[in-house]
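To keep things clear, I will list the structure first and then write my remarks on it.
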Number of protein chains: 2
Amino acid sequence: MYIDEPLKKYLDEAASGASTPGGGSVAALAGALGAALTSMVCNFTVGKKKYKDVEAEVSQILSEAEELRAKLLDLMVADTQVYGKVSTAYGMPKDTAEEKEARSAAIQDALKAAMGAPLETAICCHKIMKINEPLLEKGNTNLISDVGVAILLAESAMRSAIMNVEINLSFIKDEALCSETRDKLRPLMAEATELRSKIYKKVNEAIGAELGA
Amino acid sequence: MYIDEPLKKYLDEAASGASTPGGGSVAALAGALGAALTSMVCNFTVGKKKYKDVEAEVSQILSEAEELRAKLLDLMVADTQVYGKVSTAYGMPKDTAEEKEARSAAIQDALKAAMGAPLETAICCHKIMKINEPLLEKGNTNLISDVGVAILLAESAMRSAIMNVEINLSFIKDEALCSETRDKLRPLMAEATELRSKIYKKVNEAIGAELGA
């Protein structure tokens, strides 16, 4: 679903008046694009004589980037599927007290499940930023702007995913789960801000950019 | 090319050791994703009784978003094509003085043409940010986080495209063209920083997010 279908179809459905794919799914795809560029930088580094000394480390980064790309494409699809379950739960009957209770429990379960996809997306995007940091020094210098694009997309995809986590949290009544989830994401967010600003600046300096440096 | 092909194919080729699609093309696609979410917000607003008063304005935003999405998908492809022309020019013979001169002229022409795609991408992404600003107040409030995702993606796609413009500028010898291009982009960049920060903050406040607000 979506992955093997025309690129245009995904965009048409995202743009349409259907509820999926929405921002959570699109965030996962944007993260996958960041992972793809990370892999490209690695693929232009591994096997080149000039970068022999860093080959082992860059090969390791390549395999992590490829794993993250596959995971994010799965999350792009998963996000559209879990979203449907929340709608289904909201549609349950609520005439009797028992029905109300069953509906409310189903909604809470669906919301917790639905939160899983953007939460995983955010964690994957943070990892993409982390693995790009060493590529600044060790990746093929001709592709340094692609490190910059990867960082920019991963950071905005991470923030986008976190907004989608927050929307689920605002309806989840389990306070312990809410604060546990936010505690997990808070340090990722702080680090992402720092990484984006640092790497973006270094890339712009490296390419001699007057804008953005 | 790419648009009607499987989504996975585009990502596989971006990740590969082939030079296209690269960061410029990916930036255009990320911008198109931002445009798609903008359209989705409009499609959930237009035709709804609650939003009757803003229907005309939101319909106008929808048609702009759809135009930008189509343009950005074309730029996603165009960027991969112009890039090839630069490589071809660099591959021209340079044995005689005449050949050197012809090669150098061909490289300059190809670079100027290649700069066109990311320059257009940056301008389109800036427009996506601009049309999202009124959607904060006028779009369907249930989709306010999608306005946030659209803004985050458009801003990072714009910065990504501008890095690709800068790379071309660093090889272009026509100083007047270089400063004219930078003068065109400088105000867009300043405005984008402001819009991202303002809209992202408002979206997080609206969804009651503890992270990001």
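No lab work stands behind these numbers, since they all come straight from the coordinates. Model, not experiment: these values are computed from the prediction. Cβ sites come from the backbone with ideal geometry, for glycine too, and all protein chains shown count toward neighbours.
A few notes on this one:
- A simple spin-label model places the labels of A:Gln81 and A:Ser16 2.0 nm from each other, with each point 7 Å out along Cα-to-Cβ.
- Distances between copies at B:Gly208, taken between label points 7 Å from Cα along the C-beta direction, are 5.4 nm in increasing order.
- Global geometry of the range A:46-92, whether rounded, prolate or oblate, following the gyration tensor of its Cα atoms and the 1.5 cut on a/c: prolate
- Per residue, the average separation of C-alpha pairs within less than 8 Å and at least 6 apart gives chain A a relative contact order of 26 percent.
- Orientation-averaged projection of the range A:37-162 equals 8.1 nm² [convex hull of Cα atoms, one quarter of hull surface area].
- The range B:1-19 and the range B:37-59 have Cα centres spaced 34 Å apart.
- Rounded to whole Å, sorted largest first: equivalent-ellipsoid semi-axes of the range B:91-213, Cα gyration tensor: 42, 12, 11
- Part-to-part distance (alpha-carbon centres) for the range B:149-187 and the range A:71-144, which is given in Å: 34 Å
- Principal-axis tilt of helix B:23-43 within chain B, Cα atoms, nearest 10 degrees: 20 degrees
- Neighbour-count ranking [beta-carbon atoms within 10 angstrom, fewest first] of B:Thr45, A:Thr96: A:Thr96, B:Thr45
- Kirkwood-type radius of chain A, with distances r between different C-alpha atoms, in Å: 18.6 Å
- For the range B:1-68, fraction of C-alpha pairs farther apart than 14 Å, in %: 66 percent
- Using the alpha-carbon positions of the protein assembly as shown, Rg (one decimal) and Dmax (whole number) come out as 22.0, 91 Å.
- Angstrom value of the Kirkwood radius, inverse mean 1/r, which spans all Cα pairs in the range A:154-213: 13.4 Å
- When the Gaussian network model of chain B links Cα atoms closer than 10 Å, the mean-square fluctuations of B:Tyr83, B:Tyr200, B:Tyr51 top out at B:Tyr51.
- For B:Glu133, the label point sits 7 Å beyond Cα toward Cβ; its separations from the matching points on the remaining copies run 3.6 nm, from shortest to longest.
- Each of B:Glu101, A:Glu57, A:Glu120 was scored by other Cβ atoms within 10 Å of its Cβ. Arranged with the fewest first, they read B:Glu101, A:Glu57, A:Glu120.
- For B:Glu99, inter-copy separations between label points set 7 Å beyond Cα along the Cβ vector come to 8.5 nm, shortest first.
- Taking Cα centre as origin and charging only the Cβ of basic (Lys, Arg, +1) and acidic (Asp, Glu, -1) residues, the dipole magnitude of the protein assembly as shown rounds to 340 debye.
- Each Cα pair under 8 Å and six or more residues apart adds its sequence gap; the mean of these over the residue count of the range B:25-141 is a relative contact order of 40 percent.
- Selected from A:Asp74, A:Asp174, A:Asp109 as most flexible by GNM, with chain A as the system and alpha-carbon contacts under 10 Å: A:Asp174
- In terms of surrounding Cβ atoms within a 10 Å radius of their Cβ, B:Arg186, B:Arg196, A:Arg159 rank from fewest to most as B:Arg186, B:Arg196, A:Arg159.
- Against chain B, whose longest principal axis is taken from its Cα atoms, helix B:175-206 shows a tilt of about 30°.
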